[in-house]
Amino acid sequence: PAEAEKAFAKAIAVSPARPSFYYQLASTQYDSQKYKEAIVNYRETVKLDPKHYSGWVYLGNSLDYNGQLVEAIAAYETAVVIDPSKPEAVTELAVLHLRNNKPQLCETYARKGIVLDPKYPGGHRTLGVCLRNLKRYPEALASGLEAVRLDPKYAEGYRALGYTYLAMRDAERLAKNTAKAGQYDTKAREMVTNLKELGENAELLERAVNKP
């Protein structure tokens, strides 16, 4: 990643008006979890190309990870205006509504995303999380299963399913899905490591049930 950052920085020095170079640099920083740096370069991307849909979406993601939720919402809303036919920004708005303790609004936006693209796994995962927070567990389970059916290697989908099974007190399927999450994404392994503690500690259990 460091070498890629240097390469894109050199490319920008040669052609400072190319939004694609800023986008690639920002994406490398985003993948390395350097969200503050990514924000700077995603902002430059959309400054040079105001209709860069992915630039606005990933700017929103970076702002979200950096704790700037109001600005993240604005970035996603801009992306929706640029291309209302794509599901990603609408789905990300659903997630932020859930963070703001508005699960019904989360459901509304998640369903909008699914209508736009029924084959987008992230839409079904997000709807499942919304429904889980509304304690509509059978519906949440159905949405979560659809997400991993569409993408059998979707780590976040298995992670979300794990929390749904946790809410349903289904220890066996909880273990199975968290193990799959860890298999496809090393970042999810912490959840697998803490699985036994989650299952045995009532306070942690209740926190996990309501986790987005």
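With a sphere of radius 12 Å drawn around the Cβ of residue 40, what net charge do the other residues whose Cβ falls strictly inside it have (Lys, Arg +1; Asp, Glu -1)? Don't skip to the answer; put the middle values down first.
Values: positive: 34, 36, 43, 47; negative: 37, 44.
Result for the local shell: +2.
List the relative contact order of the range 1-110 as a percent without decimals, with contacts defined as Cα pairs under 8 Å and 6+ residues apart. It would help to have the intermediate numbers written out before the result.
Working: 132 pairs, mean separation 17.5, N = 110.
It comes to 16 percent, rounded to a whole number.
Can you pull the one-decimal nm distance between simple spin-label points at residue 65 and residue 13, each 7 Å off the Cα toward Cβ?
2.6
How large is the direction-averaged shadow of the alpha-carbon convex hull of the range 66-163, in nm²?
On the way: hull surface 23.9 nm².
Mean projected area of the Cα convex hull: 6.0 nm².
Find the all-direction average of the projected area of the Cα convex hull for the range 38-79, expressing the result in square nanometres with one decimal place. Walk me through the intermediate numbers first.
Values: hull surface 9.1 nm².
Value for the range 38-79: 2.3 nm².
Longer than 25 Å from Cα to Cα, which of 51/102; 86/176; 51/112; 10/86; 51/153 are they? Say none if no pair is. Kindly include the intermediate steps, with their values, before the conclusion.
Numbers: 51/102 29 Å; 86/176 32 Å; 51/112 21 Å; 10/86 32 Å; 51/153 31 Å.
Pairs exceeding 25 Å: 51/102; 86/176; 10/86; 51/153.
Let's test the formula: R0 of 25 Å, r as the Cβ-Cβ distance of residue 153 and residue 119. What FRET efficiency results, to the nearest 0.05? Can you show the working numbers first?
Numbers: r = 15 Å, r/R0 = 0.60.
That gives a FRET efficiency of 0.95.
Would you work out if the range 1-120 is rounded, prolate or oblate? Take a ≥ b ≥ c from the square roots of the eigenvalues of the alpha-carbon gyration tensor; rounded if a/c is under 1.5, else prolate when a/b is larger than b/c, oblate otherwise.
prolate
Counting only C-alpha contacts under 8 Å and six or more residues apart, can you give the relative contact order of the range 1-44 as a whole percent? Don't skip to the answer; put the middle values down first.
Working: 37 pairs, mean separation 16.1, N = 44.
Normalised by residue count, the contact order of the range 1-44 is 37 percent.
Can you give the FRET efficiency for residue 36 and residue 6, using 1/(1 + (r/R0)^6), R0 = 22 Å, r = Cβ-Cβ distance, to the nearest 0.05? Please report the intermediate quantities before stating the final value.
Details: r = 18 Å, r/R0 = 0.83.
The computed FRET efficiency comes out at 0.75.
Rule-based calculations on the coordinates, nothing more; no lab input. Computed from a predicted model, the values in this text were never measured in an experiment. Cβ coordinates were reconstructed from backbone atoms using ideal geometry, including for glycine residues, and neighbour counts include every protein chain displayed.
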